[in-house]
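Student: Okay, handing you the structure first.
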Amino acid sequence: MFIVLEGGDGAGKTTQVTLLSLWFDDLGLSYVSTREPGGTAVGEAIREIVLAGPEMDMPAETELMLILGARAAFVRDVVRPALADGKLVIADRFSLSTMAYQGYGRGLDLDQVKRTVTIATRGLTPDLYIVLDLPADEGEDRQSREAESPDRIEAEGRSFRDTVREAYLHLAATEPDVTVVSAMGTPEEVQGRIREELVARFPATFTDSEMIEPGGAG
Ligand code: T5A
């Protein structure tokens, strides 16, 4: 099974992937946890370029091709081998990010973006995208508490963040296998919502015994 957490910058995906990993450990599931862009040597190198500071100016098409270059390696070297081994793959971002950021955010033609995504993935799609939905200003506030300076995409500002949020909500309504979970509240509250969603959709894999208290306390 292939599950992807999505959402705008600072929505809490990394935090939630970590909490999900604890749950998977408790459930005794064999899984691989990873992030995009990245996950392979070439993917991490591309990540350095894509997430450089705003001085690394590039056309939207260059950004798209770089991200998809990383994705092709990620699919071939990380996702497909793990799935072939019968492992669960939990990913921080995948192709829905490309539609939201490069399609809607950068204004590239969505059908062309989808076609190029299919080349990079050779048609692989997740079993479920979980979009963590958060108002753009809250995501910005959460990130501003961190010491890191904004990367090229974070530096795009509020209106870009608003566009990306709206894009995710639109994609959730129009694309298959996309669900939205509110990212408001404490990390534990958000985690409880994600677990409920997984238990409801995939009861054979995720039992509800550890659902309420993240980390196995429930
Ligand atoms: N990108 C990526 C594209 O444009 N196209 C693509 O196809 C792909 C794959 C990736 C960038 O690349 C772009 C999108 C992105 O701009 P990234 O760093 O991986 O960059 O992604 P970000 O979303 O920017 O990652 P962040 O780590 O900043 O955000 P997360 O992972 O959503 O949030 P997280 O968990 O790190 O939390 C952020 C802060 O909030 C706190 C955390 O402790 C942390 O300080 N926090 C909460 N605070 C209060 N309440 C909660 N519930 C909280 N949850 C977390």
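Student: Mind checking whether some residue in the stretch 30-51 is among the basic types (Lys, Arg), closer than 30 Å to PRO203 by Cα and out of contact with any helix residue (DSSP H, G or I) (no Cβ under 6 Å at 6 or more places or on another chain)?
Tutor: Looking through the stretch 30-51, at least one residue is among the basic types (Lys, Arg), closer than 30 Å to PRO203 by Cα and out of contact with any helix residue (DSSP H, G or I) (no Cβ under 6 Å at 6 or more places or on another chain).
Student: In addition: On the given criteria, is ASP133 surrounded by 14 or more Cβ atoms within 10 Å (Cβ to Cβ) and within 12 Å of the ligand (Cβ to nearest atom)?
Tutor: yes
Student: Could you check, for the stretch 80-89, whether at least one of its residues is touching a helix residue (DSSP H, G or I) at 6+ places or on another chain (Cβ under 9 Å), within 14 Å of the ligand (Cβ to nearest atom) and either touching a residue at least 40 places away in the same chain (Cβ under 8 Å) or of a type in the set (Gly, Ala, Ser) (or both)?
Tutor: No, the stretch 80-89 has no match at all.
Student: Would you check if ARG142 is within 11 Å of the ligand (Cβ to nearest atom), at pLDDT below 95, among the basic types (Lys, Arg) and out of contact with any strand residue (DSSP E or B) (no Cβ under 9 Å at 6 or more places or on another chain)?
Tutor: Against the criterion (within 11 Å of the ligand (Cβ to nearest atom), at pLDDT below 95, among the basic types (Lys, Arg) and out of contact with any strand residue (DSSP E or B) (no Cβ under 9 Å at 6 or more places or on another chain)), ARG142 qualifies.
The values are calculated or read from the model by the stated rules, or taken from the named source; none is laboratory data. None of these values were measured; they are calculated from a predicted model. Please note: Cβ atoms are built from the backbone with ideal geometry, for glycine as well, and neighbour counts cover all protein chains shown.
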